[in-house]
Amino acid sequence: MNGYKRFITALKREVPDKVPIWELIVDKPIVDSFGLKSYADLAEYIDLDGVTCGENFNLEKIGPNTFKDEWGIVWKTSDVGILYPYKGPVKDFKDVTKLDIPDPDAEYRLNTLNELVDRFKYEKAIVFLGHDVFEFSHYIVGGMHNLFKMYYRYPRYAYILADKIFEYKSRVMENALKIGADVLLSGDDYADKKNSFLSPRMFKNFIYSYLKKTVDIAKKNNRLFIKHTDGRIWSILDLIIDTGIDGLHPIEPAAGMDIAKVKRKYGGKICVIGNIDCTIVLPLLSPKEVEEVVKETIAKVAPNGGYILSSSNSIHPGIKPENFKKMVEAARKYGVYPIEKKLIEKYSKRNFYENIFK
């Protein structure tokens, strides 16, 4: 199998020839550390089975390390050049009624996706990173505290804002599928390491229907869908899976998300993706310890298919390049189907994370 077939087979909860390897994001400092020019070059060099990109925005520089996007969201760059939202365009909630959405059909909107399709179509799975409505809502109103205030006091405006975001994001995702994306992904984070940001009731009221409609875009086009969300999501996991997602990423161990438990409970409905810790294991430990984590994870959740290996979020600038490389090498070595019985017997009962995430 090539990377495309391997990735899609696993995402359909079937058994490929090897455990697929994929990353949601590989930040530029990591690409640079390998002496490569682009993320696409790195995906080929390190032999990832899937590649990821999002949409292209026009960013206007408005100050030192400060930019404004087409929504009016102000972004700043960190010391390593990573953008983060700083300020939203809406100060008074009623102004969401006047908010203009950017042109989802702008010619440049999917430039990066076009490049990946030209280079990797049917060789590697092409994942398009979009959004449902949670993250962009709090970007636009200037933070989650403002969004929750809107939810509680002015829900009508929250729905107006969500409708506008969905109108835009759904159109971009539909265009991405027409161009050649194989998989859609929602990148909205719903939780931190302690718990979901929203109660199940609030999730049902404000997020669920939009996420389901986002998943349905993939389904009506006969494509697959991955839900990414960091954090401890046990309280809302049934609702997330009920939307019809095909895969869940990254099942974060630092947040108490046990991937073996998720596989046991939900493996008949979803492919599990991720779980190689990127907060301690990949940034701080040795390549040998990384290998041990990979072996344990494969032993626990790779048998019978339905697993894609990745970090527990992304390959960020704090990760040791040699550990990223070792993660991939170990996955290729031990992730061959059928998974060795001796590996399963030796490692499936271990719990490496128990000692580092007490």
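How about segment 88-97: which of its residues are out of contact with any helix residue (DSSP H, G or I) (no Cβ under 8 Å at 6 or more places or on another chain), open to solvent by 60 Å² or more (accessible area, probe 1.4 Å) and at pLDDT 95 or above?
The first filter runs over segment 88-97 and keeps only residues out of contact with any helix residue (DSSP H, G or I) (no Cβ under 8 Å at 6 or more places or on another chain), leaving 91-92, 95.
Restricting the remaining residues to those that are open to solvent by 60 Å² or more (accessible area, probe 1.4 Å) gives 91-92.
92, the sole residue that qualifies.
Can you confirm whether residue 19 is open to solvent by 20 Å² or more (accessible area, probe 1.4 Å) and not acidic (Asp, Glu)?
Working: open to solvent by 20 Å² or more (accessible area, probe 1.4 Å): no; not acidic (Asp, Glu): yes.
Against the criterion (open to solvent by 20 Å² or more (accessible area, probe 1.4 Å) and not acidic (Asp, Glu)), residue 19 does not qualify.
Would you point out which residue out of 325, 300, 333 is of a type outside the set (Asp, Glu), closer than 23 Å to residue 358 by Cβ, open to solvent by 20 Å² or more (accessible area, probe 1.4 Å) and modelled with pLDDT of 95 or more?
Working: 325 fails: closer than 23 Å to residue 358 by Cβ; 333 fails: closer than 23 Å to residue 358 by Cβ.
Criteria check complete, one pass: 300.
Out of the residues in segment 303-351 that are closer than 22 Å to residue 280 by Cα and of a type in the set (A, V, I, L, M), state the one that is farthest from the chain's Cα centre (by Cα).
Going through the qualifying residues, I end up with 330.
Select the strands (runs of 3 or more DSSP E) contained entirely in segment 28-125, then report the ones holding at least 1 residues which are in contact with a strand residue (DSSP E or B) (Cβ under 6 Å, 6 or more places away or on another chain) and free of Cβ contacts under 8 Å to residues at least 40 places away in the same chain. So that I can check it myself, show each step before the final result.
Details: elements: 50-53, 60-63, 66-68, 74-77, 83-87.
So the answer is 60-63, 66-68, 74-77, 83-87.
Go through the residues of segment 74-85 one by one and say whether even a single one is open to solvent by 40 Å² or more (accessible area, probe 1.4 Å), of a type outside the set (S, T, N, Q) and more than 21 Å from the chain's Cα centre (by Cα).
yes
Can you pull out the residues in segment 8-27 that are among the charged types (D, E, K, R) and in a loop (DSSP other than H, G, I, E, B)?
Result: 12, 13, 14, 17, 23, 27.
Are there any pairs, at least 6 apart or on different chains, whose C-beta atoms fall under 8 Å, with the first in segment 236-249 and surrounded by 22 or more Cβ atoms within 10 Å (Cβ to Cβ) and the second small (Gly, Ala, Ser) and part of a strand (DSSP E or B), and if so, which?
Correct list of pairs: 236/191; 236/196.
So is residue 97 closer than 24 Å to residue 147 by Cα and either among the acidic types (Asp, Glu) or out of contact with any Leu (no Cβ under 7 Å at 6 or more places or on another chain) (or both) or not? Break it down into steps so the answer makes sense when it comes.
Details: closer than 24 Å to residue 147 by Cα: yes; either among the acidic types (Asp, Glu) or out of contact with any Leu (no Cβ under 7 Å at 6 or more places or on another chain) (or both): yes.
Yes: the conditions hold for residue 97.
If you check every pair at least six apart or on different chains, which have Cβ atoms under 8 Å apart with a residue in segment 209-223 that is of a type in the set (S, T, N, Q) first and a residue that is assigned to a helix (DSSP H, G or I) and open to solvent by less than 60 Å² (accessible area, probe 1.4 Å) second?
Filtered contacts from segment 209-223: 214/166; 214/169; 214/170; 214/173; 221/174; 221/177.
Taking segment 194-237 as the region of interest, how many residues are out of contact with any strand residue (DSSP E or B) (no Cβ under 9 Å at 6 or more places or on another chain) and within 19 Å of residue 275 (Cα to Cα)?
Number satisfying all stated conditions: 3.
In segment 36-47, what residues are out of contact with any Leu (no Cβ under 8 Å at 6 or more places or on another chain) and either surrounded by 23 or more Cβ atoms within 10 Å (Cβ to Cβ) or not β-branched (Val, Ile, Thr) (or both)? Walk me through how you get there before you give the answer.
Just the residues of segment 36-47 that are out of contact with any Leu (no Cβ under 8 Å at 6 or more places or on another chain), to begin with: 37-39, 41, 43-44, 46-47.
Scanning segment 36-47 gives 37, 38, 39, 41, 43, 44, 47.
The values are calculated or read from the model by the stated rules, or taken from the named source; none is laboratory data. Note that the structure is a prediction, hence the values are computed from the model and not measured. Cβ sites come from the backbone with ideal geometry, for glycine too, and all protein chains shown count toward neighbours. In case anyone asks, the SASA skips ligands and DNA or RNA and just uses the protein heavy atoms, side chains included. Shrake-Rupley method; radii C 1.70, N 1.55, O 1.52, S 1.80 Å.
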